[in-house]
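Working notes, structure below.
The values are calculated or read from the model by the stated rules, or taken from the named source; none is laboratory data. Everything quoted here is computed from the prediction, not taken from an experiment. Cβ placement follows ideal geometry from the backbone for every residue including glycine, while neighbour counts extend to all protein chains displayed. Accessible surface is based on the protein model in full, side chains and every heavy atom, while ligands, DNA and RNA are left aside. Shrake-Rupley method; radii C 1.70, N 1.55, O 1.52, S 1.80 Å.
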2 protein chains.
Amino acid sequence: MGFLERVPQLDDVIARLECAARLEELQSIIEWLRDYYAVDDMVYHWVSSNGTQYGCGTYDPKWVARYLEKGYLRVDPVVIGCYQRFHPVDWKRLDWSGKAARAFMTDAMAHGIGNQGYSIPIRGPNGQFALFTVSHTCADDEWARFTELNRRDLILLAHYFNQTALKLEPGRKPEATQPLSPREVETMTLLAVGYSRAQVADTLSISEHTLRVYIESARFKLGALNTTHAVARAMARGQIVV
Amino acid sequence: MGFLERVPQLDDVIARLECAARLEELQSIIEWLRDYYAVDDMVYHWVSSNGTQYGCGTYDPKWVARYLEKGYLRVDPVVIGCYQRFHPVDWKRLDWSGKAARAFMTDAMAHGIGNQGYSIPIRGPNGQFALFTVSHTCADDEWARFTELNRRDLILLAHYFNQTALKLEPGRKPEATQPLSPREVETMTLLAVGYSRAQVADTLSISEHTLRVYIESARFKLGALNTTHAVARAMARGQIVV
DNA sequence: TACACCCTCACCAGAATTGGGGAGTTGGAA
DNA sequence: TTCCAACTCCCCAATTCTGGTGAGGGTGTA
């Protein structure tokens, strides 16, 4: 029935990804894929809401170390650009203006990063954000052909890499997200869309005193220091929909 | 090179999706897919951050109307469950306890919704959230075989449906996201992690007066009514990373 | 050279939020 | 039944936030 049932190699890779019991295994899989596609580099990089980072890929370790040391995460136009969009994006279409971005690019080039790149952003609840990137050194038209041909492979691979990485994420369980009660959810939601406490209380037809109890209890459950923090956490954890 | 280059039918559907110039075309494509996979129903449903909803699919219009009228969006365990996870999920694995959920299920059954279902959540920045769902009436083992076989097709289709829907979304352009200055980003970020204004000013080594200017200007740029709203918007739009 | 934007600082008064208390009802779960 | 969690209401005082206006120096672009 399925479109894809006749592609044993994709099946194999996905099966290997799904069976992986340790994050280290992803490294060998991604190296295999790099060779299969005959590109310079292939990288899966994931950032969770609490700042945890994990990555596997074929970048020069020196470049990875420098990237972390320099805090390039907040400069890299690939990360910034992908953070704000959903679709796979060619590096050429990103915003490389700005002093910091250009300095970053020359530094990357000096460390052997290819002039072409294609990155697939992946998002999940709890502010999860991951990138699956392919990079290469070649001419524009050759790169266009490559991405056109392999886009769908890469989307699927990005998805399964992320699935496996999330499954194996070590610091996942401790975040025992305490569920909010319906009233607390309503309260947080209305606060997140700009209502003042008085307006929220009015909207929910309860007294402002009662409302404060909800804010307090939600704040406690979310481990937040103040109302703004509580709303931010509730959003980041996907407990409210704004 | 690519794993998938030999699957012309998937190419065709994706090409049709990418060429679509109007949301109505998605409807005929999804009907075609429903027939191709020989399932009861197939639905793409998307909710944007401003509450806009869009859907196309093969559900009975009466059920869709009832769903909207009853506000089932906030009751439906499929939506609630998928909102908090990233991976495709079988309906059987969702939490159907709770009075509201059970009432919803019997109502859905009465409207001819299948007993089996498989939903793929899709997420983007700006709180975008979409669901691609396949539903059918059959036995558990038959359904397990179906999902096992077609999971990857469905992931790709979900992706391309979402891509097209976002591209065609009418209320998308007006959201001219005004970029925040570095200081404004720092301010919003620190507020989002629970710092008080005094703490933020201290951390940034500026006076609290200055800090207020940033908050005010960020609030203005974000079109926010207060600080909490500004932080929520900055987060939802991916302008700060918490 | 303008112009625009960013960063920095200041004043003031009113409005809103916050941190502690305590207490009663309801409905579902053990 | 008993217990717990959720929902509702109330007081008070200190702290914090908000809204408006003004002003100077730096940097980069047109």
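Here are some notes:
- Any hit, region B:181-201, residues being under 16 Å from the mean Cα position of the chain (by Cα), more than 11 Å from DNA strand C (Cβ to nearest atom) and either at pLDDT below 85 or buried (at least 16 other Cβ atoms within 10 Å of the Cβ) (or both): no
- Evaluation of residue A:139 against (1) exposed (fewer than 14 other Cβ atoms within 10 Å of the Cβ); (2) within 16 Å of DNA strand C (Cβ to nearest atom); (3) of a type outside the set (Asp, Glu) (one fails), failing number: (2)
- Test: residue in region B:40-63 that is without any contact (Cβ under 8 Å) to a residue 60 or more places away in the chain and aliphatic (A, V, I, L, M): no
- Residue check for residue A:4: modelled with pLDDT under 90, part of a loop (DSSP other than H, G, I, E, B) and within 9 Å of chain B (Cβ to nearest Cβ): yes
- Test: residue in region A:133-155 that is touching a residue at least 12 places away in the same chain (Cβ under 8 Å), at the interface with another protein chain (Cβ under 9 Å from one of its Cβ atoms) and in a strand (DSSP E or B): no
- Number of residues in region B:41-61 that are modelled with pLDDT of 85 or more and in a strand (DSSP E or B) equals 9.
- Residue list for region B:80-106, filter: modelled with pLDDT of 80 or more, more than 16 Å from DNA strand C (Cβ to nearest atom), open to solvent by 20 Å² or more (accessible area, probe 1.4 Å) and assigned to a helix (DSSP H, G or I): B:91, B:92, B:93, B:106
- In the condition set (1) more than 14 Å from DNA strand D (Cβ to nearest atom); (2) more than 30 Å from residue A:115 (Cα to Cα); (3) within 20 Å of the chain's Cα centre (by Cα), residue A:239 is compliant with all but (1).
- In region A:57-77, the residues that are more than 14 Å from chain B (Cβ to nearest Cβ) and under 19 Å from residue A:116 (Cα atoms): A:57, A:58, A:59, A:60, A:63, A:64, A:67
- Residues that are more than 8 Å from DNA strand C (Cβ to nearest atom) and farther than 17 Å from residue B:195 by Cα within region A:202-231 comprise A:202, A:203, A:204, A:205, A:206, A:207, A:210, A:211, A:214, A:217, A:218, A:221, listed in sequence order.
- Counted residues, region B:54-78 - those being within 17 Å of residue B:42 (Cα to Cα) and out of contact with any Leu (no Cβ under 6 Å at 6 or more places or on another chain): 14
- In region B:204-236, residue farthest from residue A:73 (Cα to Cα) [restricted to those that are more than 8 Å from DNA strand D (Cβ to nearest atom), within 14 Å of chain A (Cβ to nearest Cβ) and open to solvent by 60 Å² or more (accessible area, probe 1.4 Å)]: B:220
- Output for region A:139-160, where each listed residue is of a type in the set (Lys, Arg) and under 19 Å from the mean Cα position of the chain (by Cα): A:151, A:152
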